[in-house]
1. Please compute the volume of the convex hull spanned by the alpha-carbon atoms of the stretch 134-229 and report it per residue in Å³.
2. Probe of 1.4 angstrom, ligands and nucleic acids ignored: what's the accessible area per residue over the chain, in square angstrom?
3. For every helix of n ≥ 4 consecutive DSSP H residues, a contribution of -39,500 (n - 2.57) applies; sum these over the chain, divide by its total residues, and give [θ] at 222 nm rounded to the nearest 500 deg cm²/dmol.
4. Percent relative contact order of the stretch 82-205, based on C-alpha pairs within less than 8 angstrom and at least six residues apart?
5. Let me have the relative contact order for the stretch 1-137, percent, based on Cα pairs under 8 Å that are six or more residues apart.
6. Would you kindly give the portion of the calculated P(r) for the stretch 1-141 that falls above 19 Å, as a percent of all Cα pairs?
7. Work out the FRET efficiency for Glu83 and Glu24 from their Cβ-Cβ distance, taking R0 = 30 Å, and round it to the nearest 0.05.
8. So if a site counts as exposed when it's one of the trypsin sites (Lys or Arg not before Pro), its DSSP state isn't H, G, I, E or B, and it has at most 16 other Cβ atoms within 10 Å, what's the longest stretch of the chain without one?
Amino acid sequence: MFAGTHTALVTPFQNDHVDEGAFERLIEAQIGAGITGIVPVGTTGESPTLDHAEHMRVIELGVKLAKGRCKVIGGTGSNSTSEAVSMTVEAEKLGCDAALLVAPYYNKPSPEGLYRHFGKIAEATKLPLILYSIPGRCGIEIGVETTARLAKDFPNIVAIKEAGGSVERVSQLRAALPAEFEILSGDDALTLPFISAGAIGVISVASNVIPREVGDMVRAALVGNFDEARRLHFRWYPLFKALFIEPNPVPA
C-alpha cells in the first residue's frame, strides 16, 4: 500500500502566513520527480505549532494540488486524543488517502494509554492509519507489543513509521506483526538498512531537497539491487546527516 518514497513536506511561510504559492511549487516538483506520496503537516511540516485552521488548510491544499497524482497522507497526530480524532475525521472528509499519527508527545502515556489513544482514532475513521514512533521527539516509543495489539484489534491501523534509530527494532516489528502490516523508515540515513530488514519505503525529510534521488535509492533497494542502492546511500549520506545539524525542518 505504501511501498516507495513519501515526502514529509515542509510548510513554507511568508510574513507569518502559509505561502500557498510556494507550497504548490514544492508539490509540483515532488510529483515531477516521481515521488510516491506526500505528507502535509507531518512533524516536518511543523504540526505541533500550526494552529488548527492552518493545519487543515495545508492538508486541504495537499489533496487539492496533488489531484490524485500521488498518495496524500495527512499528518493528523496530536498529544490530545480529541484533537487527533477531529483532525483525522476532517482529513478523511478532505480526501486524504491515509493519516499519519505521531505518538503523543510530552504526555508520555503508558502502553495502555497509547493503545487507547490510537484505538479511539481508529474507531472514528475508515482511513488507513500509519503510526509514527519517534522517541527522540516524543519521549516515548510505540512498543512492539502495543503495535502488534493495535494491528490485531484495528484493521485500519496498517503501518508504522519507525524513527527510533534501530535496525533491530525493525526486525522485532517484522517478527511480531502480520506480513501485510507495513514498516516505513522515518530516518533517511537508515532507510537502506531498514529495507534490508523488512521495511518497504520511507517517509523522508531529504526528499524535500532530492526527491528523485531518494526515490531512486528506495526503488533500487526494493527490487533487490543493493549495489546501486548502497552507491546512492553513500552518495547522499552526507546530506542526510547535514539536514539535522539544526532541528528539523530548519535545514530543509
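The values are calculated or read from the model by the stated rules, or taken from the named source; none is laboratory data. Quantities reported herein were computed from a predicted structural model and do not represent experimental measurements. Glycine gets a Cβ as well: all are built from the backbone with ideal geometry, and neighbour counts include every protein chain shown. Protein only, heavy atoms only, side chains kept; ligands, DNA and RNA dropped before computing areas. Shrake-Rupley method; radii C 1.70, N 1.55, O 1.52, S 1.80 Å.
1. On the way: hull volume 9.9 nm³, N = 96.
So the per-residue Cα hull volume is 103 Å³.
2. Numbers: 10830 Å² over 252 residues.
Computed with neighbouring chains in place, this is 43 Å² per residue.
3. Values: 10 runs with 114 residues, N = 252.
Helix-only estimate at 222 nm: -14000 deg cm²/dmol.
4. Numbers: 205 pairs, mean separation 25.1, N = 124.
After rounding, I find 20 percent.
5. Working: 215 pairs, mean separation 27.7, N = 137.
That works out to 20 percent.
6. On the way: 4677 of 9870 pairs.
Roughly 47 percent, rounded to a whole number.
7. Working: r = 27 Å, r/R0 = 0.90.
Approximately 0.65, to the nearest 0.05.
8. Values: sites that count: Lys67, Arg69, Lys126.
Result for the longest clean stretch: 127-252.
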